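Quick notes on the structure that follows.
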Amino acid sequence: MNDLIKFLVECQQGIVDTAKAEKRDLTAEEQKKFEECQRGIETAKAAMESKTEKEAEKEAEKDKSMEADAARSAERGRIVEISAMCKAFNMDSAKYIDSDMTVDAVRTAIMKELMVNGQPAKVSVTADEGDKFRAAAVDGLVMRCGYAGEKPADGAKQFQGMSLRDLAIECLSREGESESELRRMDKTELFAKLSRDYFNPSAAFPVIMDQAIKKNIVTMYQQVPTTFEQITTSGTLTDFKTTADHNYVMGSIGDFEFVPEGGELKASLPEFDMLPQRKLHTYGKQFSMTREAFVNDDIGFLAALPGAYAQAAKKTINKQVYGMLINNSKIFDGKELFHTDHKNLMAKGTAPTNESIQAMILQLKKQTDHFGDPIIIRPKKIVVPVGYGFTLAQIFKSPTINTTDNTQAYNPLWNAGFEIIEDPYINALADTNAAPWFMIAEPTDAKGIQVDYLNGNKVPTIRRMEKPGQLGFTWDIYLDWGITAVDYRGIVKNPGVKMV
């Protein structure tokens, strides 16, 4: 009984109680009020009965819809299981699927057929339907972001135009949720449901996001046109400890000595010198797919944000490498990387000329190893700020040069085989000061700067995590590297001049 009916009944009871207390019949006015209350009660009861019937009909429709969803889900599961079994034994699944046989009945039928026909064919492990779905969804998202791979997974195109909401519904319905119920949810309700499955290992949606982000990170990281890879060597460290003090390089063992007939070989021990210490550091950022991004179907967070962070990581390494060259910090022997004692610093800064280049070549070739023995060094690369590339092209591509007598002479640097590397970070770090430039040796002859990575991993790693108080999916992106001047003998610096 709702509140209105209760109120009207109480009114009627009050009218009757008053008449009884006064030992009289109802007056005409009281009778009229009593009847009005009765009509109100009947109207309210009729409305309640009508509402109950509608709710019952609605509930019945809902039950039918859920039953239909369950039936479709069960049928889809039956087809998937039967198809997988038949494929494993090279059998036709159509006859079993069309016959409406249960999975157990099909399994029994397959075993009987194998017993009659002999041993089963060799079984190969193939991707299940869930793996295929996730692979197609990942490549579809990546294609939507504009980064088409060489060979997208089968079915990727059907996911290319799918919204994040539709993808979420597809994922959840494959995991047993009612598709009709999911489609009745608004985006905020759907996002809340996804968030509850955030760390569920069987949840497809966050895993698809992870894999799509990883593909975008790899693609955009590789597209960054940095130059530090061309002027450094690459190394690997297995932990974050500083390399041990007993890390040494073996040096001179002296010349092979003449041994006369019947003579005795003399014992000799090699010399050792300590190498620089190397250490890794972790660099990273954090980004999120916010609740608003999901509701707005903003694919930008997936296309731009993770890739931008990946590119920032690579640019940071580039900046640090050139910062080491420009800032000329002290290295393992307590002296600056470029120092007169290291014989790798030109006395006077100049712009690139035939004479300055030849002087730097000689400086490199005169280097000796840790123990004073000559090194056979092949100068390989010239690293300059942006603006000197044209000058160097003239120097190395002109077969003749002008002499002091204004005559033409052979250019000794013609086709010298140098690799010219221009990088704007030199300009930026030099600012208004003189812009230095460098000559680098073949790394197998003498090293200079080395970039080490944890276990050789050169691409940023992502880790999905939960950030308290934030509505959204959150990822950490990080990379571990360390930059060390492992030797000074493989690089020569010209202090340069101010550039216009």
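Values in this text are rule-based calculations from the coordinates and carry no lab data. In this text the structure is predicted, and so the values were computed from the model without any measurement. So basically every Cβ, Gly included, is an ideal-geometry build from the backbone, and we count neighbours across all protein chains shown.
Here are the numbers for this structure:
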| item | result |
| --- | --- |
| Length added when fully stretched, ARG72-ALA46, from 0.36 nm per residue minus Cα-Cα | 5.4 nm |
| Karplus 3J(HN,Hα) series, Hz, for the stretch 413-430 with 6.51 cos²θ - 1.76 cosθ + 1.60 (x for Gly, Pro) | 9, 4, 6, 6, x, 6, 9, 9, 10, 9, 9, x, 5, 5, 4, 5, 6, 6 |
| VAL80/MET111 FRET efficiency (R0 22 Å; Cβ-Cβ; nearest 0.05) | 0.70 |
| Net length gained if the chain between GLU264 and GLU189 were fully extended (0.36 nm per residue, minus Cα distance) | 18.0 nm |
| Compactness of the stretch 277-436, expressed as Rg and Dmax over alpha-carbon positions, Å | 22.3, 77 |
| Square roots of five times the Cα gyration tensor eigenvalues for the stretch 438-500, Å | 40, 18, 8 |
| Chain lengthening between ALA88 and VAL16 when straightened (0.36 nm per residue, less Cα-Cα) | 17.5 nm |
| Pair ALA312, ARG378: separation of 7 Å Cα→Cβ label points (nm) | 4.1 nm |
| Estimated distance in nm for a label pair at THR243 and TYR410, the labels positioned 7 Å out from Cα along Cα-to-Cβ | 4.3 nm |
| Rh (Kirkwood; distinct C-alpha pairs) - the stretch 284-357, Å | 16.7 Å |
| In sequence order, calculated HN-Hα J values of the stretch 205-211 (Karplus, 6.51, -1.76, 1.60; Hz; x Gly/Pro) | 4, x, 5, 5, 4, 4, 5 |
| Label-point separation in nm, GLU30 to MET101, each point 7 Å along Cα→Cβ | 8.4 nm |
| Sorted peptide list for 15-22, 106-113, 381-388, criterion being average Cβ within 10 angstrom, highest first | 381-388, 106-113, 15-22 |
| Under Karplus coefficients 6.51, -1.76 and 1.60, residue-wise ³J(HN,Hα) of the stretch 380-385 in Hz, glycine/proline x | 10, 9, 10, 10, 9, x |
| Rel. contact order, % - alpha carbon contacts under 8 angstrom, at least six apart, the stretch 375-500 | 30 percent |
| Nearest-0.05 FRET efficiency for ASP476 and ALA351, computed from C-beta distance (R0 60 Å) | 0.85 |
| Reciprocal mean inverse distance between Cα atoms of the stretch 153-210 - Kirkwood radius, Å | 11.9 Å |
